Amino acid sequence: MPLFSVVIPLFNKENFIQNTLNSVLNQTFNDYEIIIINDGSTDKSEQIVEEFNDSRIIYLSKLNEGVSAARNYGIQHSKGKYIAFLDADDLWLPSHLSALKSLIDRHPEAGIFASRYKLIFQNQSIYTPNYQNINAEYSGIITDYFESSLHYAVATSSSVAVPKSVFEKIGNFDTAINIGEDMDMWIRIALEYSVVIGNSVTVSYLHFVRDSLSKQSIFNKKTKDFSFYKEAEKQHSSLKKYLDLYRIEYALQYKMANKKNIAKNLYQQINPENISLKSKILFYTPRIILTFLKKIKIILRNNGIEFSIYH
């Protein structure tokens, strides 16, 4: 039985999957299996994966149902004690699994083990996020996961490992939504278990690939009903603040999609103290200007300039 099951959902990533898979095979810690779930790819992704010859690779193919269903399928077929997630367009440094193993050895009771990550932009510039109330040298249990994740998420889809037993208690990724699936899962785990962070950067996110997805309208996306967290928010003020940032983000996106009633409903759920004056002004800004600002934001990010209209 391997210690780690590396779960990689794969959908039309022919330009990335070879490097992603090589980054796993180059790990200094070798007690793992790799489960690749081809979620109905229509490009050459399958052909590229089949060129690899390594007994640790388990290749599964299924009809396209989205990333949550693919991750659930991978967990279902895993044999490892810990599930390490990796998106098919991200990269691990060789020390990634070794760093996670060190965290597990020190804090075996935790529900999420998170390594640090860097963002790579289209112009190849690099930005390493900082987390609220956590300095760059800190390694250990996070006092308040939601507070620390206000500006950048501590847990991400390519930087964490989760004990397989946790999913037996928490449940699967929510297949009814196709935006914020990861956020939802990490929230549910963090409400029940401690979250541990390391102090080394071992993951590279190709941020411009994420931005290409952000160009899509929220009109065709299925978001989580925030009422799901209603009781938890009453008990955790930092969770309320954390989710209010997502509420304003979604509200602005719905406004740009001309879904004014949905946008207004989300905005009314927000505690005004939890969002910036800038966000409040933006909510009442004409739709055409919001759309223009979003385009500017993407251009700046592709050139390595971090700019948020939500904080």
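Below, the figures for the structure above:
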{"quantity": "Out of Lys81, Lys44, Lys62, sole residue that is of a type in the set (Lys, Arg) and in contact (Cβ under 8 Å) with a residue 40 or more places away in the chain", "calculated": "Lys81"}
{"quantity": "Residues of the stretch 130-168 that turn out to be among the charged types (D, E, K, R) and either in the same structural domain as Lys241 (by TED's automatic domain parsing) or within 22 Å of Val6 (Cβ to Cβ) (or both), as a count", "calculated": "2"}
{"quantity": "Some residue of the stretch 175-182 being small (Gly, Ala, Ser) and assigned to a helix (DSSP H, G or I)", "calculated": "no"}
{"quantity": "Residue in the stretch 177-231 that is modelled with the lowest pLDDT, counting only those that are hydrophobic (A, V, I, L, M, F, W, C) and surrounded by fewer than 16 Cβ atoms within 10 Å (Cβ to Cβ)", "calculated": "Leu213"}
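The values are calculated or read from the model by the stated rules, or taken from the named source; none is laboratory data. Keep in mind it's a predicted model, so treat the numbers as computed, not measured. For neighbour counting, all protein chains shown are included, and Cβ atoms are generated from backbone atoms with ideal geometry for every residue, glycine included.
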